[in-house]
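One structure below.
The values are calculated or read from the model by the stated rules, or taken from the named source; none is laboratory data. Model, not experiment: these values are computed from the prediction. In this analysis, Cβ positions are derived from the backbone assuming ideal geometry, glycine residues included, and neighbour counts consider all displayed protein chains.
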Amino acid sequence: MLDPLLFGEIDPPQRLLMGPGPVNAHPRVLRAMSADLLGQFDPEMTAYMNQVMALYRPIFGTGNRWTMLVDGTARAGIEAALVSLIQPGETALVVNFGRFGLLLQEILTRIGARFETVDAPWGQVVPMEAIRYAALRVRPALICSVHGDTSTTMAQPLDGLGAIAREVGALTYIDATATIGGMEIAADRWGVDVITGGLQKCLGGPSGSAPITISDAAAEKIFARRHDEKGIRSPDAVDGHGPRIGSNYFDLAMVMDYWSEKRLNHHTEATSMLYGARECARVALGEGLEARYRRHRAAGVAMSAGLRAMGLTLFGDDAHRMTNVTGVYIPDGVDGEAIRRAMREHFEIEIGTAFGPLAGRIWRIGAMGYNAMKHKVLITLAALEACLNAQGFNLPMGAAVPAALSAWDDAQ
Ligand SMILES: *Cc1c(COP(=O)(O)O)cnc(C)c1O
């Protein structure tokens, strides 16, 4: 006998996810994902794959031919990019200003690449001049950075990065998981070679697919390391090129062959995730990217204004905030986890905790994708105010919502 309590139908509560991601998926995305499955070489399926390539080019701000999906969460995209772009023994330069900069370093270490970092303290970004000096000193084969690092809620400016990379003969890689679909991604204008993302933040989908764009220059380096027909090659440079890519699943040369006209068999494309990723892009482009970025900006500005009206202090450099997630100090004497619990139990709202040096010191409150909406920002602020008040924190009651409302309207 099945215990109905252990094996009940999945029926999650209707939570409003206002943390740093994941967020609630757009209903159209969930509907698209329930469509029937196709074989991976079915002409309808390969047509959907080609449509996905076309739909993600504007979202990445690029004309790159190689614009597609890596199957897996955003981290799969990061790992595929790094393992394919850099060879053991080569040196990378990591622009490091938060937890996801540390992740880049960890993956580079596993690959056997060398790296140096150019750093900013958590809550700040790295000045472009500092990146340039570091690049001239290190002469890296690859410069990599996060765009919006959700751990600190800071967005690294990237205009000019491509010019620096060309000056030193490096390729560039950006993790834009937290910003894609919410803040402008401009692969071609930035002159950046490879960018990866995820669905579960500003694109308003579930996690499990990693959109990627790859410049021709990066593709050339990746293909030069390619496997032979049997997928095997001598482990080290035999023909003037570097060792073959140290992963089968994340070998972007093989993934590109599968997404190309050749349709060489590799993995089985994750059909339902592809439907979801395709619908995320259609929703974003249907709204219009400019309008979408404006909506995220309005949500961020409104959230910030509401939090400040409560008497709270925001974390980090005002000039470089991500628009879609806001860090705020937990006030002295307030139990941050008890507030998060009360938000969840009384209001069905989730806000984010923090990592590392910021654990227990800040909350991270997001307004991303389908949740970057005026009413969701206002409800979150009203709930936070009520929970702080119930815990005995002295704050001006009723100030947050009007402040947020007028900030939203000003920002639109
Ligand atoms: C959320 C986030 C990720 C998450 O990766 P997953 O594998 O999808 O969990 C990666 N990078 C950044 C900058 C993020 O904000």
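Contact map, the range 313-330: first residue at positive phi, second residue buried (at least 22 other Cβ atoms within 10 Å of the Cβ) and of a type in the set (Ser, Thr, Tyr), Cβ cut-off under 7 Å, separation 6 or more or different chains; pairs are GLY316/THR152; GLY316/THR153. One residue alone among ILE111, ILE59 is surrounded by 15 or more Cβ atoms within 10 Å (Cβ to Cβ) and under 19 Å from TRP190 (Cα atoms), and that residue is ILE59. Each residue in the range 377-412 was checked for being surrounded by fewer than 17 Cβ atoms within 10 Å (Cβ to Cβ), in contact (Cβ under 8 Å) with a residue 40 or more places away in the chain, part of a helix (DSSP H, G or I) and not aliphatic (A, V, I, L, M), and 3 of them qualify.
Count, please, the residues in the range 167-190 that happen to be within 12 Å of the ligand (Cβ to nearest atom) and of a type in the set (S, T, N, Q). Within the range 167-190, residues that are within 12 Å of the ligand (Cβ to nearest atom) and of a type in the set (S, T, N, Q) number 2. No other residue among CYS202, CYS144 is within 29 Å of GLY316 (Cβ to Cβ), within 16 Å of the ligand (Cβ to nearest atom), touching a helix residue (DSSP H, G or I) at 6+ places or on another chain (Cβ under 9 Å) and outside any loop (DSSP other than H, G, I, E, B) apart from CYS144.
Please determine whether any residue of the range 149-157 is near the ligand (Cβ under 10 Å from one of its atoms) and of a type outside the set (Val, Ile, Thr). Looking for residues that are near the ligand (Cβ under 10 Å from one of its atoms) and of a type outside the set (Val, Ile, Thr), one finds at least one in the range 149-157, hence yes.
Residues in the range 64-104 that are more than 15 Å from the chain's Cα centre (by Cα), among the β-branched types (Val, Ile, Thr), within 16 Å of the ligand (Cβ to nearest atom) and not in a helix (DSSP H, G or I): VAL94, VAL95. Being in contact with a His (Cβ under 7 Å, 6 or more places away or on another chain) and away from the ligand (no atom under 13 Å from the Cβ) is the requirement here; does VAL125 meet it? Yes.
Would you be able to say whether some residue in the range 90-102 is out of contact with any strand residue (DSSP E or B) (no Cβ under 8 Å at 6 or more places or on another chain), modelled with pLDDT of 95 or more and β-branched (Val, Ile, Thr)? No. As a summary of the residue check, PRO121 satisfies the conditions (1) under 19 Å from the mean Cα position of the chain (by Cα); (2) closer than 27 Å to ALA359 by Cβ except for the one numbered (1).
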